[in-house]
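Visitor: Dumping the structure here so I can ask a few things about it.
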Amino acid sequence: MTHRISPALIAFTVLVYLFLLGPLVIVIGAALSDTTFLTFPPQGLSLRWFEKIFEMSAFRRTIVTSLQLAFASTLLALLVGIPAAYALNRYRIALPGWLSTLFVLPVLVPEIVLGFSLLRSIQVGAGVPVLWALLLGHPLLVLPYCVRVISASLASFDFSIEEAAISLGCSPVKTFFTIVLPNVQSGVIAAFILAFITSINDVSVSLFLTGPGISTLPIQILAHVEQFFDPVVASVSVLLMFLTIAVMVVVERNLGLTFLAKYPDAHDRTAHPDEPDRALRRKQRAGRSVARRRLGRIGVALGCLGLWQDHDAAPDRRVSAAHHRNDPVGRH
Amino acid sequence: MGDTDLTTLPAQKRNIGLVFQNYALFPHLSVRDNVAFGLKQRGLPVQERETKAKAMLDRVGLSALGDRLPGALSGGQRQRVALARALVIEPPLLMFDEPLSTLDAKLRIDMRVEIRQLQRANGTTSVFVTHDQEEAFSISDRVAIMEAGRIRQLDTPEVLYQRPANAFVARFVGLENLIDLRVTARDGAQATAEGAGGIPLTLDQTELGELPDTFVLATRPDGLRVVTTPTGLPCTLGLRTYLGRTYHYQADTAVGPLTAGGPLSKPLDTGQTAWLAPEPEQCCILPKEDG
């Protein structure tokens with residue numbers, strides 16, 4: 001039996017894909033244009049606008065800041081979000097219902113308002129330096145996503161397996177790492193990706209919290225398009241897109257949380273059931289060092305980014321976009 | 001347990017094997033690793049826990065499936081893994097929390113026998129919690145019947161079934177006819193007792209033992225015979241149910257509705273007047289309870 005697919009359905013599907021992919025195609029096309037202004041379809045093909053990004057220290061610096069900020073904020077948010085989501089689900093019956101709603105509040109508050117109130121309270125009010133203010137604002141911004149996404153995967157988690165592990169002699173803390181975390185791993189990865197993207201794309205909160213010397217890429221793009229209309233913004237967007245994708249791939253590959261729980265274990269053992277104890281332990285140690293090396297690699301990558309940023313101490317070319325405020329304490 | 005007080009000991013140090021209603025297997029670990037998990041927590045060397053886990057899987061008949069994840073097993077197989085996982089740590093006490101309630105009827109009986117055999121072979125003291133009376137009676141050496149968190153009677157299945165200690169247990173094991181009686185006259189082996197309706201009932205104390213002054217007479221439907229000669233408790237017959245071996249009648253009496261059994265040879269009609277005669281060997285005498 002053959003199914004005839006209705007032409008209307010095909011048309012609809014095509015439209016949806018156009019809707020989804022169209023903007024990407026336009027941005028990528030514009031980035032490759034040879035003209036000095038933003039245009040689509042591109043006229044002539046060149047990578048000069050990509051080169052231009054690297055010539056402009058402001059972009060270089062803000063790309064790095066954005067990546068570092070997104071990474072740090074995401075980790076901070078996960079550090080708070082994973083235990084929060086765990087507690088919210090584990091003790092759901094005992095906890096009042098509004099408590100989980102509380103963790104969504106930062107999403108409900110318009111980001112502009114969030115940014116402004118953070119500026120008033122912690123930067124102007126408490127005199128917190130720019131970088132620290134960002135490191136406070138962004139985790140707050142992405143925390144709801146972390147809690148929600150991880151809660152969703154904990155919702156289908158059967159907490160009786162936790163009891164089972166404890167009954168078999170596993171301490172509650174160890175149970176959390178060996179039993180709970182590996183089973184919500186996909187949720188944690190999803191939360192990481194969502195939080196990372198939210199942070200790296202954020203304008204509203206950063207707009208208020210960035211200051212002289214420290215800015216994020218979206219703010220820099222905003223400042224740039226206010227003054228120029230060249231395809232640099234398009235190429236920067238493309239670059240940002242691919243950087244984000246690269247981060248996601250690295251996270252998926254390396255941060256698969258299993259390394260926290262077990263090392264080359266089941267698979268190796270089934271492959272060599274007669275393997276002597278010592279060899280296996282060596283292998284486990286190797287596994288652990290693989291995990292350490294992976295974490296190290298991420299650290300080194302971040303460090304390199306920092307060096308790249310510091311290497312060029314060119315004057316700040318960033319155009320102050322939305323800061324019509326007097327410079328608060330603690331800045332030069 | 002033994003000489004140690006477990007109340008204040010953290011759960012991970014209690015060393016009690018638990019089998020859960022919903023299996024509670026670790027979904028991210030293979031069957032083999034599930035079984036070996038408890039051994040790993042006890043710091044056993046890899047090779048030893050490997051050997052033990054394999055031996056235990058052999059015993060529950062799952063050695064071929066050691067590499068599978070729990071998600072790829074059927075319900076019965078999963079429960080067997082859970083059983084192996086609890087047994088392999090050789091706990092002095094094994095607790096089953098309604099382990100069979102999620103299985104279908106046929107499998108439930110098979111697993112019941114299997115658990116019993118494993119338990120016998122191991123000699124591990126086991127506590128088995130269930131709602132299923134048949135399951136409890138068939139698997140246990142001793143059964144505790146509980147009501148609202150309190151043990152009402154703790155004894156062998158045989159004693160529970162034949163000599164329940166109170167009305168709750170009696171109803172639980174199917175003695176559904178409970179008649180409040182008061183002895184009005186004694187004459188050697190015979191005693192006359194009266195119920196709420198004031199109709200005297202003559203009972204033989206040789207079978208029932210010495211009757212207390214007030215007591216509850218408990219019988220199964222088959223222990224209360226419907227007769228057409230005026231002996232025992234007069235009643236009006238209600239609904240007749242055919243049960244293969246006998247008929248059961250809903251009978252209205254002066255002491256309330258009762259269920260009685262009658263022979264197949266003489267089906268009686270609804271609305272007919274008859275008498276209910278207790279069979280002494282199928283009756284239980286319970287102490288009268290308040291409320």
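Bear in mind that the values in this text are calculations on the coordinates, not laboratory data. Fair warning: this is a prediction, and the values are worked out from it, not measured in the lab. Neighbour counts are summed over all protein chains in view; Cβ atoms, including those assigned to glycine, are modelled from backbone coordinates with ideal geometry.
Visitor: Residue A:98 versus residue B:141, label points 7 Å from Cα toward the beta carbon: distance in nm?
Guide: It works out to 5.6 nm between the two label points.
Visitor: Nearest 20 debye, what's the magnitude of the dipole of the protein assembly as shown about its Cα centre given +1 on Lys and Arg Cβ and -1 on Asp and Glu Cβ?
Guide: On the way: 58 positive and 55 negative charges, 526 e Å.
The dipole of the protein assembly as shown has a size of about 2520 debye.
Visitor: At most 12 other Cβ atoms within 10 Å and a DSSP loop assignment: could you name the trypsin sites (Lys or Arg not before Pro) in segment B:59-163 that fit? List each step's numbers first, then the result.
Guide: On the way: sites: B:59, B:68, B:78, B:80, B:85, B:106, B:108, B:112, B:116, B:120, B:142, B:150, B:152; in loops: B:68, B:142.
Passing both the DSSP loop test and the Cβ count: B:142.
Visitor: For segment B:222-252, which trypsin sites (Lys or Arg not before Pro) are both in a DSSP coil and crowded by at most 13 other Cβ atoms within 10 Å?
Guide: Values: sites: B:225, B:240, B:245; in loops: B:245.
Qualifying residues, ordered by number: B:245.
Visitor: Can I ask one more? Between residue B:131 and residue B:190, what length in nm is gained on full extension when 0.36 nm per residue of separation is reduced by their alpha carbon distance?
Guide: Numbers: separation 59, 0.36 × 59 = 21.24 nm, distance 4.01 nm.
Here the segment from residue B:131 to residue B:190 would lengthen by 17.2 nm.
Visitor: Among B:21, B:249, B:56, whose Cα lies farthest out toward the positive end of the dipole of chain B, if unit charges sit on the beta carbon of Lys, Arg (+1) and Asp, Glu (-1)?
Guide: The residue sitting most towards the positive pole is B:56.
Visitor: Can you tell me how segment A:1-149 classifies by the Cα gyration tensor, rounded, prolate or oblate, using a/c under 1.5 as the rounded cut?
Guide: In terms of gyration-tensor shape, oblate.
Visitor: So, one more: Counting every Cα pair in chain B, what percent are over 25 Å apart?
Guide: Values: 25382 of 42195 pairs.
Beyond 25 Å sits 60 percent of the P(r) for chain B.
Visitor: While we're on this one: Using a 10 angstrom cutoff on alpha carbons, build the Gaussian network for chain B and name the most mobile of B:44, B:65, B:224.
Guide: Of B:44, B:65, B:224, the Gaussian network model singles out B:44 as fluctuating most.
Visitor: Once both axes come from the Cα atoms, what is the angle between helix B:46-59 and the longest principal axis of chain B, in degrees from 0 to 90, rounded to 10?
Guide: Once rounded, one gets 30 degrees.
Visitor: Let me have the relative contact order for segment B:8-68, percent, based on Cα pairs under 8 Å that are six or more residues apart.
Guide: Numbers: 26 pairs, mean separation 21.4, N = 61.
About 35 percent, as a whole number.
Visitor: Could you work out the relative contact order of segment B:1-144, using alpha carbon pairs under 8 angstrom and six or more residues apart, expressed as a whole percent?
Guide: On the way: 172 pairs, mean separation 41.9, N = 144.
The normalised contact order for segment B:1-144 reaches 29 percent.
Visitor: Okay, next question. Take every Cα-Cα distance within segment B:1-152, group them into 5 Å bins from 0 onward, and report for each bin the whole-number percent of pairs it holds.
Guide: Whole-percent P(r) values from 0 Å outward: 2, 9, 18, 21, 21, 15, 9, 4, 1, 0.
Visitor: So which chymotrypsin sites (Phe, Trp or Tyr not before Pro) in segment A:73-150 are both in a DSSP loop and have at most 11 other Cβ atoms within 10 Å of their Cβ? Can you show the working numbers first?
Guide: Numbers: sites: A:86, A:91, A:98, A:103, A:116, A:132, A:145; in loops: A:91, A:103.
For chymotrypsin sites (Phe, Trp or Tyr not before Pro) across segment A:73-150 that sit outside H, G, I, E and B with at most 11 neighbouring Cβ atoms in 10 Å, the list reads A:91.
Visitor: How far is helix B:75-87 tilted off the main Cα axis of chain B, in degrees rounded to 10, range 0 to 90?
Guide: Rounded to the nearest ten degrees, it is 70.
Visitor: Another question about this same structure. Over chain B, what relative contact order in percent results from Cα pairs under 8 Å that are six or more residues apart?
Guide: Values: 502 pairs, mean separation 37.1, N = 291.
With pairs under 8 Å counted, the relative contact order is 13 percent.
Visitor: Considering the Cα positions of the protein assembly as shown, please state its Rg to one decimal place and its Dmax as a whole number of Å.
Guide: 37.9, 123
Visitor: Here is a follow-up. Can you tally the net charge around residue B:18? Count Lys and Arg as +1, Asp and Glu as -1, for every other residue whose Cβ sits under 10 Å from the Cβ of residue B:18. Walk me through the numbers before you get to the answer.
Guide: Details: positive: B:14, B:85; negative: A:163, B:97.
Within the 10 Å Cβ shell, the charges total 0.
Visitor: Place +1 on the Cβ of every Lys and Arg and -1 on the Cβ of every Asp and Glu in segment A:28-129, take the dipole about the Cα centre, and give the residue among A:93, A:76, A:35 whose Cα lies farthest towards its positive end.
Guide: Of A:93, A:76, A:35, it is A:93.
Visitor: Here is a further query. Let me know the number of lysine pairs in the protein assembly as shown closer than 16 Å at the Cα, not counting same-chain pairs under 8 apart.
Guide: Numbers: A:174/A:262; A:174/B:13; A:174/B:40; A:262/A:283; A:262/B:40; B:13/B:40; B:40/B:52; B:40/B:54.
For the protein assembly as shown, qualifying lysine pairs total 8.
Visitor: Sticking with this structure for a sec: Rounded to the nearest 5, what is the percent of antiparallel bridges among the DSSP beta bridges in the protein assembly as shown? Before the final figure, lay out the partial values.
Guide: Working: 49 of 59 bridges.
Of all bridge pairs located within the protein assembly as shown, approximately 85 percent are antiparallel.
Visitor: At 222 nm, what helix-only mean residue ellipticity would chain B give, in deg cm²/dmol to the nearest 500, using -39500 (n - 2.57) for each DSSP H run of four or more?
Guide: Numbers: 8 runs with 79 residues, N = 291.
About -8000 deg cm²/dmol.
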